[in-house]
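Read the structure below first, then the notes.
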Amino acid sequence: MKKKGMWGVLSILLLAFVLSCPVLAATPLSAHGRLSVKGTKLVDSEGKTFQIKGVSTHGLSWYPEYVSKEAFKDLRDKWGVNTVRLAMYTAEYNGYCVAGSQNQKTLKNRIDAGVKAATDLGMYVIIDWHTLSDGNPNTYKKQSISFFKAMAKKYKGHKNVIYEICNEPNGGTSWSQVKSYAQSVIKEIRKIDKHAVILVGTPTWSQDVDIAAKSPIKGYKNIMYTLHFYANTHRDSYRSKAETAIKAGLPLLVSEFGISSASGSGGVNESEGTKWISFLNKHGIGYVAWNLSNKNESCALIKSSCSKKSGWTSSDLSKSGKWLVRTYQGSLDQSSGQSASSQKPASDSKPSASKAKTVSGASKSCRASVKAVNSWKSGKRYFTHYTLTIKNNTKKDVKSWKVRINFKKSIKKSSEWNGVYTYKSKYLTIKPLSWNKRIPAKGKVTDIGFIVSSTSKTNLVTSVKLQ
Ligand code: IDC
């Protein structure tokens, strides 16, 4: 009896101990593992599209106080961020190449601290060689090679480190000059690290992705090209350049963007920002916002009057910061403190949108499935990005198709692709284009999608009919 009693107490104690242990939440890294490039997309270790949602530091010489585990944890858990970018200027304000060897040590220590914080939190981290006033990345090519060799040696065992080898070529630097620089740097990194994703800037402040697409770098895997935009300056015509590059098969990443003007100041343009994000979500392209500081400029994410280095509430954020958190995460104040673990392809506004759902409908031969892959709030409206897949279950080709999708509440068109769309208040119909009309026997059509908005969070699809 006595013995039994003791075991009873012990097992209760053991149970109490187990229950009091925090459940180990998944992190972006534990959920997605090493990233690589497949076609035009960044994919996770299971080959699924992975969309970076990131925040960049300001220059590591200027605002090192935001490089900390506390700050990054807030970004991850409260802002919905899965990646941080450590921006190290090469030329201006104590840049790496202009202020002596002691300064280089200091900057490298800051990178180490940033990589460690991100790694401890299971986040991805971009080491950014932030060329800017030096215009042509060949200016400091030697320094760049020795820097990236050192980084690659140190971090080759890491699955979460990404190298960005030149932020923004400018001042008339041509793509062939950037390409030759990139080939030299990539060659050295690859001798040490066979896998890491490497980001290459494009001419004209990383805008000319269409030009890079005409002559991409050959012979290496896991290379992406960067596209930068500032939404109050760069609009439709820049999205067209991106579209050209994507069509040509170039893998893109927006390693820096703001919703201010290109100067980093001036008014912020939320609606153009939202257009960009819809566009990037539609293409599964990731993005990283500039910048985590309280500098008195409209692209800074923290208000200049706020001196906190972490633990921000919504009122501590600038207009850009508030918009960003809304776009990435829903609302800061509602945040549950959940880890950004569950990184779905992009921004999930809380609460209903996280129930990513598929609704299907069938005809005699086919099955159509509509999946909500993404949701976010912008202004007063809730946006949802849906994809449509139609499978032919028979052994005969289907000549054409038409799908009707019914919603709970009325919807408004935001964007659409790869179909002919007709909108009525509570439903829409999609008909094919000439090239995706025919569904081969046992085959399927994919890559059809649309974004609609409504005033309700719970505006999910109620039924799908194949006509
Ligand atoms: C800006 C900073 C600003 C700093 C300036 C230095 O926000 O505080 O004084 O750099 O020249 C970029 C660059 C990025 C710029 C940003 C805004 O990559 O370094 O930051 N921008 O101008 N490209 C387009 C815009």
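Read-outs throughout are calculated quantities, based only on the coordinates presented, and are distinct from any laboratory measurement. None of these values were measured; they are calculated from a predicted model. Positions of Cβ are backbone-derived with ideal geometry, glycine not excepted, and every protein chain shown enters the neighbour counts.
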## Note on the structure
Check: C-alpha center the stretch 213-254 vs C-alpha center the stretch 103-131, spacing in Å is 25
### Task
With N denoting the number of residues in the stretch 164-241, provide Rg(C-alpha) divided by 2.2 N^0.38 Å, to two decimal places.
1.12
### Query
Counting only pairs 8 or more places apart or on different chains, how many lysine pairs in the stretch 132-209 have C-alpha atoms closer than 18 Å?
24
### Query
Where Rh denotes the Kirkwood radius from the mean inverse Cα pair distance, what is Rg over Rh for the stretch 163-307?
0.99
### Query
Sequence-distant or interchain residues sharing an amide H contact under 5 Å with residue 381, placed H: which?
none
#### Entry: Distant alpha-carbon pairs in the stretch 364-404 (separation over 11 angstrom), percent
70
### Two-decimal Rg/Rh across the stretch 30-154, once Rg and the Kirkwood Rh are taken from alpha-carbon atoms
0.99
### Query
Taking the alpha-carbon centroid of each part, what is the distance from the stretch 432-467 to the stretch 269-291 in angstrom?
23
### Task
Return the distance in nm (one decimal) between the two label points of a simple spin-label model at residue 68 and residue 296, each offset 7 Å from Cα along Cα→Cβ.
2.4
### Query
From the backbone phi of the stretch 291-306, what are the Karplus-calculated ³J(HN,Hα) couplings (6.51 cos²θ - 1.76 cosθ + 1.60, θ = phi - 60°) in whole Hz, Gly and Pro given as x?
8, 8, 7, 10, 4, 7, 8, 6, 7, 5, 8, 9, 4, 5, 7, 9
### Task
Count charges around residue 310 for me, please; just the other residues with Cβ under 13 Å from its Cβ, Lys/Arg as +1, Asp/Glu as -1.
+1
#### Entry: Cα pair distances of the chain binned at 20 Å [whole percent]
24, 53, 21, 3, 0
### Relative contact order (percent, whole number), the chain, Cα cutoff 8 Å, 6+ residue spacing
13
### Task
Taking the Cβ of residue 421 as the centre, find all other residues whose Cβ is under 10 Å away and add up their charges (Lys, Arg: +1; Asp, Glu: -1).
+1
#### Entry: the stretch 138-199: mean projected area of Cα convex hull, nm²
4.0
#### Entry: Neighbour net charge for residue 324 - beta-carbon separation under 12 angstrom, K R +1, D E -1
+4
